[in-house]
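Laboratory data are not the source of any read-out in this text; all were calculated from the coordinates shown. Small disclaimer: the values here were computed from a predicted structure and weren't measured. FYI the Cβ positions are ideal-geometry reconstructions off the backbone, even for glycines, and counts take in every protein chain you see.
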Amino acid sequence: MACALTRIVRTIFKFSLVSIFLVQSCLASPQLDLPPISSTQRYNNAGYGLLSSTQSSINSPGNQYDVQNQNFGFSTARPSQNPSTPGVFPVSSTFRGINPDINNNGYPNVNYGNGGNPSSTLRPYDETNRDDRIDINNDPNFRRNDPNFARNDPSYAGANPYDFNRGVNTNSIDDRFHQVNLQQVRDFLLKADDQASKECTNNVAAQWNFETDVNDGTQHAALDAQQRYTLFQRGLWEAAQQVPRGAIRDYATFRQLRLLSIIGPSALPPDQLDRYNRLINDMLAVYNTAEICAYNEPFKCGLHLQPELQFVMSHSRDWDELQHVWTEWRRNTGRRVRDLYEQLVDLTNQAARLNNFTDASAYWMFPYETVNMRQDVEEVWEQVKPLYELLHAYVRRRLREAYGPERISRSAPIPAHVLGDMWGQSWSGIVPFTLPYPGKTLVDVTPEMAQQGYTPLTIFQLAEEFFVSMNMSAMPPDFWALSVLDQPADRHVHCQPSAWDFCNRHDYRIKMCTHVDMKDLVTAHHEMAHIEYFLAYRNQPKVFRDGANPGFHEAIGEAIALAVASPRHLQTLGLVQKSVDDTAHDTNYLFTQAMDKLAFLPFALVMDRWRWDVFTGDVRKEQYNCHWWRLREQYQGIKPPVLRSELDFDPGSKYHIPANIPYIRYFVSTILQFQIYRALCERTGQFIPGDPSRPLHKCDIYRNPEAGRILTRIMERGSSVPWTQVLQETIGEGRLNGEALRDYFRPLEDWLRSENLRTGEYLGWSYDGDYCKFSIETAGLQVYGGFYNAAHRHFDVTSFVTLLLASFLTTVVMMRWR
Ligand SMILES: [Zn+2]
């Protein structure tokens with residue numbers, strides 16, 4: 001029994017029965033078991049839970065992976081009549097189910113997507129707590145910069161059953177360590193592993209039950225399970241901290257302890273953790289319930305991000321309508337959570353310090369195990385930037401042709417609202433009218449799939465066969481028996497595709513309301529790649545059952561997707577009858593990929609560059625929004641359609657900011673997927689650098705056991721060693737490298753270069769006015785010291801007139817840039 005837990009449970013729940021049980025158990029010999037908490041017990045703080053503390057854990061739970069592209073639609077197909085094992089493909093002989101002991105519980109509904117699924121938060125919205133505000137400076141319980149707070153506080157420290165230091169009077173770590181047996185530490189880790197797996201299973205099952213059958217009952221159960229799991233993690237963390245690590249020479253043991261010693265916000269004392277969760281709850285409540293009125297239809301209101309606003313952003317070509325939606329969304333989301341976010345920053349930093357980091361940026365960078373994360377991603381971006389600038393210049397030209405040179409300048413950043421989505425993060429929405437060869441349509445095998453009678457089940461059988469053809473694992477029986485591959489008719493399901501690891505080494509599932517179309521064919525392979533990853537590292541200790549770094553899971557899934565979506569593979573499957581091997585099709589295909597993946601890279605970089613700067617304090621609170629736009633301009637070459645000020649808070653209009661979920665993993669995975677894909681293709685002789693007859697984008701690893709062997713070697717180590725070592729030992733590359741992405745897009749790059757030359761495009765962008773001011777009212781007086789000093793050379797009459805206009809408009813909806 002982890003007796004430290006007693007105090008937490010008492011503090012939080014004030015439940016005498018539970019407390020007594022725990023106290024009695026403290027007298028027993030050390031073990032990790034938690035008492036069963038009856039599902040009928042109710043917590044007095046029910047409603048908030050400790051959800052986000054693990055939701056935003058930097059060591060991602062690694063149990064549920066969602067794809068970036070979300071499926072908000074609903075299948076019209078009937079539910080699968082027989083979801084059990086089809087018996088078509090043999091289960092890998094090495095796979096054996098182990099320990100089917102517990103079957104209830106789970107993980108927070110972490111949104112791993114880059115588009116956000118605002119409807120799927122588990123946090124209930126509690127109106128009564130809306131006005132709670134935190135003033136850290138006046139809170140005597142809030143001890144800033146005190147990493148020993150938890151240990152020193154009488155409410156927390158104390159009778160830990162894993163007190164390896166008991167009776168030892170020296171402070172020398174080595175001396176203390178010699179008092180304990182290494183075997184004792186290993187026994188501790190074994191017990192911890194066993195118990196953590198069971199607790200995880202329970203939690204995952206509760207989350208699964210909720211997501212696949214959304215109702216009040218399952219939501220309560222999911223919240224309870226999450227609370228319990230957070231408590232367990234907290235107890236384990238406290239126990240692990242008591243183990244002196246200094247003299248442990250066994251690497252795996254040391255690494256397990258090190259990972260267990262970091263739990264993120266759960267390290268906060270209960271009242272602060274509660275505040276942390278409330279802040280996120282309140283911000284997400286604003287985000288999830290935000291609605292605006294339609295452009296020029298003031299009585300048509302209640303439009304939400306999904307589906308209405310996103311549809312406008314990707315389909316409308318009306319400049320004013322796009323600008324209306326863009327500004328109104330921000331007025332109703334980010335602007336309203338700015339105050340809350342400022343408080344969240346302080347708490348996140350406090351949590352990081354309790355985990356022995358200098359601030360939250362160091363904590364967020366920790367899983368990448370590098371000395372200088374900023375420099376690493378900067379160098380990779382410099383590798384990719386020349387290609388991005390080519391795409392940027394081409395797209396800017398096509399937009400200029402569509403909207404006119406008075407709105408889209410030849411050399412300025414692109415206004416952010418005409419790029420096809422709410423944030424300018426993926427430009428896929430404008431592919432239809434920027435396509436290099438409009439006459440040549442893209443390959444779409446959807447009609448052929450329908451004609452051949454594909455169903456959700458056969459799509460997944462096809463995906464399994466893809467992996468089996470590379471000598472990788474078939475899906476275990478539980479997968480076919482328990483997955484939800486089709487929209488059930490009798491209950492509400494959160495349809496965002498996701499892959500689940502139930503932490504018990506035999507239960508793995510996918511949840512997806514599969515449509516029979518090409519997009520979902522690729523997504524099915526992507527999701528199943530997550531399951532392959534789960535299976536490959538299933539024999540690792542629980543703490544290592546995760547991607548090698550937070551970008552790896554998605555990178556593997558997307559590397560698989562690159563092969564599956566290639567026209568060559570679709571031809572092999574018999575879904576494309578005629579050869580589509582010509583330059584126009586190739587260029588269109590690569591362009592479509594680039595508008596999603598390449599355009600996304602600088603956005604992903606900005607998301608966390610901004611937060612790193614915020615967490616370190618390099619950017620002050622009164623500079624938040626203008627710093628955001630400085631980075632958006634610097635990396636993405638985009639600008640706001642209207643003047644912004646520090647009254648706005650545009651970062652807060654993107655889900656992952658109020659949810660406090662790190663984002664650089666998406667940058668990493670986008671770079672890494674091409675490195676992995678290139679290595680697989682090079683090793684199997686399908687890609688030969690410099691040989692135009694073997695371009696990278698035409699490589700298909702289907703039926704190639706060598707590719708499967710390399711993939712398995714990458715995945716089977718989980719996070720048991722640093723990711724750089726995993727990569728070095730499997731594909732011979734020890735760091736992130738943007739050159740693989742350049743290789744993949746080489747034919748497109750050549751095409752873009754000559755196209756831009758032909759039309760005389762300006763590469764890059766130069767600042768053409770003021771995008772953000774400290775306050776709109778005083779902007780013209782330069783009261784604010786000027787985050788944009790360097791840009792004042794561009795300050796001209798035009799922008800001054802714009803500023804005057806702005807000062808007369810409380811909302812700047814109608815403002816235009818010239
Ligand atoms: Zn995924």
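Table for the structure above
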| read-out | value |
| --- | --- |
| Cα shape, region 667-732, gyration tensor, a/c 1.5 rule | prolate |
| Stretchable slack from GLN306 to GLU729, in nm (0.36 nm times residue separation minus alpha-carbon distance) | 147.9 nm |
| Cut-off under 5 Å, modelled amide H: who pairs with GLY764 long-range | ALA393 |
| Efficiency of FRET between GLU321 and ASP194 - r from beta-carbon atoms, R0 60 angstrom, step 0.05 | 0.55 |
| Set of region 706-746 residues, backbone N closer than 18 Å to the point 7 Å along the Cα-Cβ line of ASN539 | 709-721 |
| Potential extension, ALA584-ARG410 segment - 0.36 nm per residue separation minus Cα distance | 60.0 nm |
| Residue-count net charge about VAL606 - beta-carbon cut-off 12 Å; Lys, Arg +1, Asp, Glu -1 | +1 |
| Label-point separation in nm, ARG258 to TYR437, each point 7 Å along Cα→Cβ | 5.1 nm |
| Computed FRET value (nearest 0.05) for TYR403 with SER693, which takes r as the C-beta separation and R₀ as 56 Å | 0.90 |
| Percent breakdown of C-alpha pair distances by 10 Å bin, ordered from the shortest bin, for region 318-378 | 19, 27, 24, 22, 7, 0 |
| Karplus-derived 3J(HN,Hα), 6.51/-1.76/1.60, for each residue of region 526-537, Hz, glycine and proline x | 4, 5, 5, 4, 4, 5, 4, 5, 3, 5, 5, 9 |
| Taking N as its residue count, the alpha carbon Rg of region 243-368 over 2.2 N^0.38 Å | 1.56 |
| Pairwise label distance in nanometres, ASP271 with THR358, each label 7 Å out on the Cα-Cβ vector | 3.1 nm |
| Derived scalar couplings ³J(HN,Hα) [region 751-760; Karplus, 6.51 cos²θ - 1.76 cosθ + 1.60; whole Hz; x for Gly, Pro] | 5, 4, 4, 6, 5, 5, 5, 4, 9, x |
| Gain on full stretching of the segment that runs from TYR251 to GLN452 - 0.36 nm per residue minus C-alpha separation | 67.1 nm |
| Per-residue HN-Hα couplings for region 651-661 [Karplus 6.51, -1.76, 1.60; θ = phi - 60°; Hz; x = Gly/Pro] | x, x, 8, 10, 3, 5, 6, x, 6, 6, 9 |
| Partner lysines for LYS542 [C-alpha distance under 26 Å; skip if fewer than 8 residues away on the same chain] | LYS191, LYS198, LYS511 |
| Long-range HN-HN contacts of SER645 with modeled amide H, under 5 Å | LYS773 |
| Other-chain or far-sequence residues with amide H under 5 Å of ILE414's (modelled H) | ILE638, LYS639 |
| Computed FRET value (nearest 0.05) for GLU739 with GLU291, which takes r as the C-beta separation and R₀ as 45 Å | 0.50 |
| Whichever lysines have a C-alpha closer than 26 Å to that of LYS698, once near sequence neighbours (fewer than 8 apart) are set aside | LYS385, LYS440, LYS519, LYS578, LYS597 |
| Spacing of the two label points (7 Å from each Cα toward its C-beta) at GLU706 and GLU378, in nm | 4.0 nm |
| For region 367-449: rounded, prolate or oblate by the Cα gyration tensor [a/c cutoff 1.5] | oblate |
| Shape of region 639-787, Cα gyration tensor, a/c cut at 1.5 | oblate |
